[in-house]
Amino acid sequence: MENPFQETLFQRNRAEPCTVVIFGATGDLTHRKLIPAFYNIAACGDLPPQFKVVGFARRDKPDEVFRSELEAANRKHSRQGHNDELWATFAQGIHYHRSEFQDLEGYKSLKVLLDQYDQERGTPANRLFYLASAPEFFEPIMQLLREAGLNEGAEGKWARVVCEKPFGKDLASARKLNDTVNATFDESDTYRIDHYLGKETAQNIMVLRFANALFEPNWNNRYIDHVQITCAENLGMEGGRGGYYDTAGALRDMVQNHLFQLLSLVAMEPPTDLSADSVRDEKVKVIRALRPLIGPEAVAQNVIRAQYRAGSVDGVQRVGYREEDRVNPESKTECYVALRLMIDTWRWQGVPFYIRVGKQLPKKATEISVHFKKPPQVPFATSKLLLNSENTLVIRIQPDEGIALRILCKQPGQALSMQQVKMDFHYSSSFGNASPEAYERLLLDAMAGDATLFARRDEVENAWKFIDEIQKAWHKSDAPPPMCEYPAGSWGPVEADNLLSADGREWRLL
Amino acid sequence: MPTATADPAEEAFAQLGMEVPLAQVDKELKKLWEADNAKTRASLINFAIYSEEIANLGRNNALLDGITAQHACRALMILSRPTQGQPRARAWINALCRPYQGQQTVCCEQISFLLDGGDAAQVQNIVFAHLDSDLPLVVWWQGTLTRNFEERLSSRIATLIVDSATWANPCAEIDVLTDAREHSGEKLDIRDLSWTRSHFVRLALAACFQDQVACASLPRVEEITIRHAKGHRVAALLLGAWVAQRLGGVLDESLPGFQFRRKTAGPDISVTLEEMADGHALQSLSLNGKDMTAVISRDANSPYVHVCGSCGDHRQDEIFPADVESETELISEQLSRAGGTTLYSSMLPTLRKMVGKSGCA
């Protein structure tokens, strides 16, 4: 029987009653993001009834200790603050299960525990397994979930898995990981999380494009000159992150996932409907249509990699990348990368997409800027500088989420001179600061069975296929493209500027 | 400048900002922004409060301050005194500002009008002349829908907010709303704060029956009991009607009280209201039937409701956010909800019948 009260109340899919098992429950992600996200979902009244979280980790600790650690974390990180009354009820559903990730017995006892919860509830529940552990444990976890029979829901119920990035480190490892995951869970029950897709502004890209008749007719190579996607960070390797980062690099850590997701949203064709697969079908077409960069020469012409040397950011002196904590002093890992990408489709023929991402840049900002072509002829006498300026649509992903449009206007006065002006929309000044955290949206979607904002297997593998060619040119060719340098606190290496200036363009000033 | 008269409310007008000649409102607003470059004007809607009660002036002024902190809008506050002598209008402007990212200030414009001795045309002219163009008009009409609420005005309103808890004669008000909606070709989006007061109770009820065992017990529901505070009878009636209708019930006017006959097999459903002298607007909702019960109750001073249900051996006990109660929060809740809702409007015919059974004034 359908719940008759649900139908008229909700504008979105409702999360279904379930138990969430978090692997790596004592880690930073659980404390800073996952538990505060579940708590805030509860505070909004969106958490399904009889919800439970089971933390699965190696250290020994009773439920009470686990709960009090999470409570302390929630007080610190919860978006809507912390209420003791709500926490008391919410925490009743939090449990801890100690086990090694590679110990089958631990999974068998987990099954007993989950069955016991189901019995107490009087109904078998759905199960969501969240892999927040280190990636090297993904494979044994999958295998043992399967062996313990936890990968299938009880009759009429579901079992799903949420995977945190990285989804492999190249195409081969991604395929292996995906094979392992798909041997345990159906692809339709697999949710690869990319928190960029949970951000309001990323979701707004589709609304901006497909709900406004103003933009979509101009969204092609007839009117758009080029697109830039920038993800700048003003931090380096603080907090010991150098250890992981030095094995990954900017291309794998950011471009393969987050920035390709943004690129897909900007460049995709309109989906036929808003079902998860319709949207993801269109996104994957973009990645598949990326013109491959084969060989060191093509990579050198289109991709710039760099490391920062010592400099200062926000007036604070910073060491060079190779001097950072836990970074190999002879590291060949890039912490800055700039790419010129071409998408071989009818819509985007001849339109370059420039992507740059880097550490120790002057400020933290992620944005997409769409640069429109200049008018064929401007009948006003004005400076060459202004004649060269184009209309630009900027979509700010973070921080200060919003949209800005730069246009030319007549400057007041007797003369007919022009001036650039900016129309600027800020989410927070118009809508307040009530946006849910990306994880709240994504966890709700996973519990509701909506995979639209999650990466599908073919998206991930096609992205790796493209990235692998660049990695091959950098690390396996006889004449690898050079590793460039830039001072910390600058906007990247001069070679990245040259990448655009060779095309008669320049990076947008952020 | 208009000449000030010895109005007893003059002191209250002083808090409305700077008085300006009616014809100079736009010009003076422009000056307001030019005076300070650090201020950014933000506006997504035109939000108007209409009242005919001078006593509401201070309260509405404070409300707008709270509402604009959450919702960027051009705020229009209209105080109409139709019986107050010769037609005359006065205007005040103000900027309602809040800090934004440390350096800037984001502000909304507030324009307040005092309309004495006028009619519907005067209200319309004032409203239409001072809208932020291209933005939708949301009107919170406080109290009775008087003769000033007429078709030319309602046809321009995108969303009309009313509070049926303040109606002396709900039958007449529902009739006015039904007519206005009919005239608008069903386009007028009507929101009632009494309906908003039960939003989270309804969410909690829906969540309670997400569980399949609980859901399977719904055809056995025979009694719906709602406990409400004095003055919130309409909120309770709306809630009772909604629950009964969702269970497939149709009000049988021939029977005493509020009896709903199911369209499908199952027992009739009776809706009973229990009025308390004070406390939260809606204090509990109980569904009872053979071998099942579900109670959603709110303790005094708690921001949460407790959901307690049992079906045979199956029990559940949950906590959910409770409904907001202050007018600022209720309005904010409405303005946060994008898109129109036809649910309330579809409930009006049943509500009218239930109100009618209690006797119309």
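We did not get these values from a lab; they are worked out from the coordinates using the rules stated. Worth saying up front: this structure is predicted, and the values here are computed from it rather than measured. Glycine gets a Cβ as well: all are built from the backbone with ideal geometry, and neighbour counts include every protein chain shown.
Worth pointing out:
- Here region A:414-474 yields Rg over Rh of 1.29, to two decimals, using C-alpha coordinates and the Kirkwood radius.
- Förster radius 51 Å - calculated FRET efficiency between A:Trp346 and A:Gln80, Cβ distance, rounded to 0.05: 0.65
- Distant-in-sequence amide H partners of A:Arg318 (H built 1.01 Å from N, under 5 Å): A:Gly311, A:Ser312, A:Val313
- Net charge over other residues, Cβ less than 10 angstrom from the Cβ of A:Ile229 (K, R count +1; D, E count -1): 0
- ³J(HN,Hα) computed for each position of region B:130-135 - Karplus, 6.51 cos²θ - 1.76 cosθ + 1.60, integer Hz, glycine/proline x: 10, 7, 6, 4, 6, 9
- The convex hull drawn around the Cα atoms of region B:101-210, when projected onto a plane and averaged over every direction, covers 11.3 nm².
- Computing FRET efficiency as 1/(1 + (r/R0)^6) for B:Trp33 and B:Glu253, where r is the C-beta to C-beta distance and R0 is 45 Å, gives about 0.20.
- Convex hull projection area averaged over all views, region B:202-272, Cα basis, nm²: 5.0
- Neighbour counting of Cβ atoms within 10 Å sorts the residues A:Phe167, A:Phe137, fewest neighbours leading, into A:Phe137, A:Phe167.
- Semi-axes of the equivalent ellipsoid for the protein assembly as shown, computed as √(5λ) from the eigenvalues of its C-alpha gyration tensor and ordered from largest down, come to 50, 41, 23 Å.
- Column: log10 I(q)/I(0), Debye, Cα scatterers of region A:468-510, q = 0.16 Å⁻¹: -0.59
- P(r) tail fraction, region B:287-330 - alpha-carbon pairs more than 13 Å apart, %: 60
- Whole-Hz Karplus values for region A:363-378 come out as 8, 8, 6, 10, 7, 10, 10, 9, 9, 7, 5, 6, x, x, 8, 10 Hz, taken residue by residue from phi with 6.51 cos²θ - 1.76 cosθ + 1.60 and θ = phi - 60°; glycine and proline positions read x.
- Taking a ≥ b ≥ c as the square roots of the eigenvalues of the alpha-carbon gyration tensor, region B:248-361 is classed oblate because a/c is 1.5 or more while a/b is no larger than b/c.
- Estimated vicinal HN-Hα couplings, Hz - region B:237-250 in sequence order (Karplus 6.51, -1.76, 1.60; Gly, Pro = x): 4, 4, 5, x, 5, 5, 4, 4, 5, 5, 8, x, x, 10
- Near the amide H of B:Met77, within less than 5 Å, lie the amide hydrogens of B:Ile49, B:Ile111, B:Ser112, B:Phe113, all on another chain or at least 5 residues away, with H placed in the peptide plane.
- With kT/(6 pi eta Rh) evaluated at 20 °C and eta = 1.002 mPa s, and Rh the Kirkwood radius from Cα pairs, region A:427-510 diffuses with a coefficient of 120 µm²/s according to Stokes-Einstein.
- All Cα-Cα distances of region A:300-343, cut into 10 Å bins from zero to the largest, leave 25, 40, 27, 8 percent in each bin in turn.
- With semi-axes defined as the square roots of five times the eigenvalues of the C-alpha gyration tensor, the equivalent ellipsoid of region A:154-283 measures 29, 24, 13 Å, largest first.
- Amide H within-cut-off set for B:Asp323, under 5 Å, with H built and near neighbours excluded: B:Phe200, B:Val201
- Approximate shape of chain A as ellipsoid semi-axes (Cα gyration tensor, √5λ), whole Å, largest first: 42, 27, 22
- Net charge contributed by nearby residues that have their C-beta within less than 13 Å of A:Lys285 (K/R +1, D/E -1): -2
- Over the C-alpha trace of chain B, radius of gyration and Dmax come out as 23.0, 75 angstrom.
- Volume in Å³ per residue [convex hull over Cα atoms, computed for region A:141-206]: 112
- Ellipticity at 222 nm from helices only: DSSP H runs of n ≥ 4 in the protein assembly as shown, each -39500 (n - 2.57), divided by the residue count, give -9500 deg cm²/dmol.
- If you take the alpha carbon atoms of region A:207-343 and fit the smallest convex hull around them, that volume is 164 Å³ per residue.
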